[in-house]
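The values are calculated or read from the model by the stated rules, or taken from the named source; none is laboratory data. The model shown is predicted, which means the values in this text are computed figures rather than measured ones. Heads up, the Cβs are rebuilt from the backbone with ideal geometry, glycines too, and the neighbour counts pull from every protein chain shown.
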Amino acid sequence: MRRTLIAANWKMNHTVAETNVFFGNFTVSLHTDIELLFCVPFTDLYQTKHILKDTGIKWGAQNVFPAPKGAYTGEISPYMLKEAGCTYVICGHSERRQILKESDEFVAKKVKAVYDNGMIPILCVGETEAERKAGKTKERLQEETQAIFLQFEEPPTKEIVIAYEPIWAIGTGEASSPEKAEEVALYIRELISTEWGKETSQKIRILYGGSIQSNNISSFITQKNIDGCLIGGAGLKPNELHKIYQKASIKEEE
Ligand code: PEP
């Protein structure tokens, strides 16, 4: 059975002082089968590690540079993230693809670098509004996943997470329909199955992201191929994230 993952992506929010306030206001009763993850800004990593160590809650990063070290001003290496205790690293969030023009190939190299360094990459994929309207969702997902397949000579034996995040649904309050998200998650699983085999495809967790809140999480998490959610705005609100996690737990107990 695939474990559910509830991942909060803080993006460029929360200073260290604000991180202390957030965790001071955040309570959760952890469920063994549901992972909770905070992907925080680099500057918050060590404070988050200090606060969360021994709690069972995971922390991770939002980006990485795919090289071990060297002359890459302003970048951060997988090893540095590993040392900061990151379990997961988000790769290819649409904001980085769109604003910072990260290519599919560059994102794929990040996924491989995170994987090779013993952390779990969360690969973000998804179509723009224009691509959706032009009926090109599947084509776009195929391009994004194909770039990853090219980086691996063998099917991965360790974990990789894929987050389906339709770009038009991020931060807009307009989530995909759960049925459509399930259809796309199944399609992604089929792409993986074709390339890496059925067994691997059944192990890879696929998340949905885009305007998730406590009032819609249940309808996504109950879909067969959706194994959790990547959460932006709602992950900055302690009470709302608490409610989201609680609702995800109720699904597991059903
Ligand atoms: C995100 O940025 O990954 C995201 C899903 O944001 P939001 O939940 O705010 O739509």
Checked the range 7-22 for anything surrounded by 18 or more Cβ atoms within 10 Å (Cβ to Cβ) and more than 14 Å from the ligand (Cβ to nearest atom); matches are 14, 19, 22
So the check is Cβ under 6 Å with 6+ separation or different chains; which pairs have a first residue in the range 230-251 that's more than 19 Å from residue 90 (Cβ to Cβ) and a second one that's near the ligand (Cβ under 7 Å from one of its atoms) and modelled with pLDDT of 95 or more?
240/234
Could you tell me whether residue 176 is among the small types (Gly, Ala, Ser) and more than 16 Å from the ligand (Cβ to nearest atom)?
no
State yes or no: is residue 153 free of Cβ contacts under 8 Å to residues at least 24 places away in the same chain, of a type in the set (Asp, Glu) and surrounded by 15 or more Cβ atoms within 10 Å (Cβ to Cβ)?
no
Keeping to the range 6-60, report how many residues are within 20 Å of residue 96 (Cβ to Cβ) and either touching an Asp or Glu at 6+ places or on another chain (Cβ under 6 Å) or not aromatic (Phe, Trp, Tyr) (or both).
15
Among the residues of the range 222-234 satisfying the criterion of being of a type outside the set (A, V, I, L, M, F, W, C) and near the ligand (Cβ under 7 Å from one of its atoms), which is nearest to residue 6 (Cα to Cα)?
232
What are the residues in the range 203-224 that are in contact (Cβ under 8 Å) with a residue 40 or more places away in the chain, assigned to a helix (DSSP H, G or I) and of a type outside the set (Phe, Trp, Tyr), if any?
203, 219, 221
Quick check: is even one residue across the range 240-250 within 15 Å of the ligand (Cβ to nearest atom) and in a loop (DSSP other than H, G, I, E, B)?
no
In the range 199-221, how many residues are within 16 Å of the ligand (Cβ to nearest atom) and either of a type outside the set (A, V, I, L, M, F, W, C) or more than 16 Å from residue 125 (Cα to Cα) (or both)?
15
